[in-house]
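Below is one structure, written out as structure tokens; the observations come after it.
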Amino acid sequence: MTKLLANLGHQVTSRLWRLGFASRFFLAIFLYSGTSFRRLQLTLREVFFSGVMSLIIIMVSGLFVGMVLGLQGYDTLQRYGSAEALGILVALSLVRELGPVVAALLFASRAGSAITAEIGLMKATEQLSAMEMMAVNPIARVVAPRFWGGVISMPLLAALFSAMGIFGGYLVGVVLIGVDEGSFWSQMQATVDFREDIVNGIIKSFVFGVIVSWVAVFEGYDAEPTAEGVSGATTRTVVTSSLAILAADFVLTALMFRGV
Amino acid sequence: MNRTALDLWVGFFVAIGLAAVLFLALKVGNLSAASSGETYALQAKFDNIGGLKIRSAIKSSGVVVGRVTNIEYDPANYVAVVSMQMDARYKFPRDTFATINTSGLLGDQFIGFEVGGDSEMLKAGELIKKTQSAVVLEKLISQFMFNQASESKDKK
């Protein structure tokens, strides 16, 4: 019994310790992020690795999600004789929810895991310690550029996801099924508001970018410097950031779209 | 610092990302004119606002001339007080008639302005005196049914 309690206490304290360290680490990134903007090439390199390399998966997934929305939405809406509202359904669900959330989930598994593995391996091969020996701050040189690269890429990827999804919905709804093109676009434009829907979606994706990048660099930096430790950290990145994205999405949605 | 292929790719990525945002802003959403330009406030009291919501449109001759900014209940007079934000380009006479209409049979509800003949215009913050409540479809149908029933009784 006491052993059980001691075990529980140990678990709780170690979780709390990690949470505290993660918060301090978050502040340290901001403190040392001067370098990543002064030497912009470092950050651009990370935008390339996490943003440009995720382009294909984001665009193709966006297209397919939009196409599925078009099919399913049409199937339900035509029962009520309002198939013209398909544009609204596709655009609102993508811009408000699916765009930011699914893009962030894909980004976490595509780019977040890669960042964790890279930093974790740098730690395991003692590159981070070597940098410290040379008086180079690894947070400024390695962590902050990767963090900002992710934060910059995420809103752009989410916007691309939504745009491709709407195109996919158009493809299925208008070209394939034959919903009237004029009402598809005009009803969409009449309902989707720039500030209420699109800007809120961009704010969401920005927050998700911060979450994914933070979790990824922290898990990498905190990884046990062994092969096993790095693989565990990579798994934790995907699990933790996916859960954090969904939880944050609920909070943000409750704040943004409450009852209006 | 020299240009690299990497810069080109990042530039390409940022460009299509921004193009997607622009597409969403212009083609998908509406950069609503009423929210960006000069506006003035008006109020109106209704017995029943039906399904009117905040941000519902205010139309005159079918053109959007403003938006609903707030809906409150007046506990002294038991009526709904609707605050509206009107486009400053459009002025309306003081005897303008505000009605709550429905677009289509089951569509969104909006406030329609039927312009009167008064030479004085409504000033900012003023209350519209003549209003008509929302038509409740259920009431209308039940009235129709009752009329039908009484008519058929008369024939006998």
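The values are calculated or read from the model by the stated rules, or taken from the named source; none is laboratory data. The structure presented is a predicted model; accordingly, all values stated were derived computationally and were not measured. FYI the Cβ positions are ideal-geometry reconstructions off the backbone, even for glycines, and counts take in every protein chain you see. Protein only, heavy atoms only, side chains kept; ligands, DNA and RNA dropped before computing areas. Shrake-Rupley method; radii C 1.70, N 1.55, O 1.52, S 1.80 Å.
Among the protein heavy atoms of chain A, carbon and sulfur supply 68% of the accessible surface, probe 1.4 Å, non-protein parts ignored. Short-range pairs are left out: with C-alpha atoms under 8 Å and at least six residues apart, the relative contact order of segment A:1-106 is 18 percent. Here B:Lys123 is the anchor, and the aspartates and glutamates within straight C-alpha reach of less than 16 Å, apart from those fewer than 8 places off in the same chain, are B:Glu38, B:Asp87, B:Asp95. Quick one: of B:Lys59/B:Lys139; A:Lys204/B:Lys91; B:Lys129/B:Lys153, which pairs are farther than 32 Å apart, Cα to Cα? Exceeds cut-off: A:Lys204/B:Lys91; B:Lys129/B:Lys153.
Springs between alpha-carbon pairs under 10 angstrom, Gaussian network model over chain B: which of B:Gly62, B:Gly17, B:Gly50 fluctuates most? Most flexible of the set in this elastic network: B:Gly17. Solvent exposure of the protein assembly as shown, expressed per residue, is 54 Å² of accessible area, with all protein chains present and a 1.4 angstrom probe.
Just tell me how shielded A:47-58 is by partners: mean number of partner chain Cβ atoms within 10 Å of each residue's Cβ, no decimals. Going residue by residue through A:47-58 and averaging, the value is 3. Of the accessible area of segment B:39-141, computed with a 1.4 Å probe over protein heavy atoms only, carbon and sulfur atoms account for 54 percent. Between helix A:181-191 and chain A there is an angle of about 60 degrees, using the helix long axis and the longest principal axis of the Cα atoms.
Shielding of peptide A:190-198 by partners, expressed as the average count of other chain Cβ atoms within 10 Å per residue Cβ, is 6. Taking chain B as a Gaussian network of alpha-carbon nodes connected by springs under 10 Å, the highest mean-square fluctuation of the residues B:Gly51, B:Gly112, B:Gly11 belongs to B:Gly11. Mind checking the angle between helix B:137-155 and chain B's longest principal axis? C-alpha axes, 0 to 90 degrees, to the nearest 10. Relative to chain B, helix B:137-155 is tipped by roughly 30 degrees.
Taking the C-alpha atoms only, the angle from helix A:113-124 to the longest principal axis of chain A is near 10 degrees. Take each residue in B:12-19, count the other chain C-beta atoms within 10 Å of its C-beta, and the mean is 6.
Under the criterion of Cα pairs below 8 Å and six or more residues apart, the relative contact order for chain B equals 24 percent. Taken as Cα centroids, segment A:122-146 and segment A:20-85 sit 27 Å apart, rounded to the nearest whole angstrom. Contact order for chain A, expressed relative to its length and based on alpha carbon pairs under 8 Å spaced 6+ residues apart, stands at 31 percent. Summing both sides, the accessible surface hidden between B and A at a 1.4 Å probe radius is close to 2400 Å².
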